[in-house]
């Protein structure tokens, strides 16, 4: 009998990474793919991106609407409550042997909590990482403690998962799925991309994504305004904005983006969702990736594109030398954006090694999902590492 594997996706971001794995699971004669779609995929405000999944040839087994009515903390808590109810009912209908969850978003955390209560084993991808400026940090490590199998993108992250008390035998370093997508993608040409986007890319353009820094109060608006003011100092660069996710204050950033685009005289254009092909093609031809998205840290180095990472949202992540970190001050952004766009730094970006690259992670993960023992899935152990604690008593 085939092992039923339920893949959960809550947004365009995790779907783009999960797609090669979903293809491998679908091709496997030993596995039965079930797909549970939720979150921003089902929101008009975020482009109803579940349609992209269907256009890629996948059959969605469950669509769970978690009522993304508000991006306030109270609104998100309300959505998490809807998620717990909907996900548990979906798990009852699907009867999966295993659930695959990627990342650290609150939708993923809620799915993990529902699976834990329903006693469905969890395979977690991208555990052990750190994003010290976001509430996702707590969600990610909590998902780790609820999961039974851990696929990490680097050895450092694998060690951190073990540090959290997970059995090393169930921690597998695979590299990042997103890199596999890059290596196997048939990119659009720059001319085709411009036509698809209906936008003049010019000689130079920036790919800008800025998400709220959710562990700081009332800072997102000021930080993003500083970024926009800095970008105005580079009139020779066209700008492609990809809008923010469903975090608190995301709508504020999206509104500021729209106002900037309206006044840009055709120099800038914003997109709710580009889809994987157009987004990665835009990254490939961009002069730089700017903002605080994880894609600037994980995927951009493999495309030999420099990144200006702004603020603390991605603080703590392992990174390649093609990434420059700066604070959210306008002048600091200007100075470092000049550096990122310089010829010398572009030459450096062409030579970097990406610490997130692995060898066929989707196929390796699929093989393990098929072969791993699920007979004893109730977690009773805490794997202790030897530590010496010093201090005064």
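Quick notes
- Using the Cβ-Cβ distance between residue 196 and residue 232 with R0 = 22 Å, the FRET efficiency computed as 1/(1 + (r/R0)^6) comes to roughly 0.25.
- Expected 222 nm ellipticity per residue - DSSP helices of 4 or more, -39500 (n - 2.57), all of the chain, to 500: -12500 deg cm²/dmol
- Angle in degrees between helix 136-146 and the longest Cα principal axis of the chain, rounded to the nearest 10: 20
- Fully extending the segment from residue 92 to residue 321 would add 77.8 nm, taking 0.36 nm per residue of separation and subtracting the current Cα-Cα distance.
- Sorted ascending by nearby beta carbons within 10 Å, beginning with the fewest, 118, 77 become 77, 118.
- Each peptide in 139-150, 96-107, 196-207 was scored by the mean count of other Cβ atoms within 10 Å over its residues; highest first, the order is 96-107, 139-150, 196-207.
- Estimated FRET transfer efficiency (residue 183, residue 259; beta-carbon r; R0 45 Å; 0.05): 0.75
- Mean Cα-pair separation over length for the chain, i.e. relative contact order, pairs under 8 Å, 6 or more apart, %: 16
- Peptides 256-268, 18-30 ordered by average Cβ neighbours within 10 Å, highest first: 18-30, 256-268
- Rounded to 10°, Cα long-axis angle of helix 250-262 versus longest principal axis of the chain: 30
- With the simple spin-label model, which puts each label point 7 Å out from Cα in the Cβ direction, the residue 381 to residue 119 separation comes to 2.0 nm.
- The angle separating the long axis of helix 106-117 from the principal Cα axis of greatest extent in the chain is about 0 degrees.
- Note on residue 84/residue 60: beta-carbon distance plugged into 1/(1 + (r/R0)^6) with R0 of 22 Å gives a FRET efficiency of 0.65.
Read-outs: derived from the displayed coordinates by stated rules, not from any lab. Small disclaimer: the values here were computed from a predicted structure and weren't measured. Glycine gets a Cβ as well: all are built from the backbone with ideal geometry, and neighbour counts include every protein chain shown.
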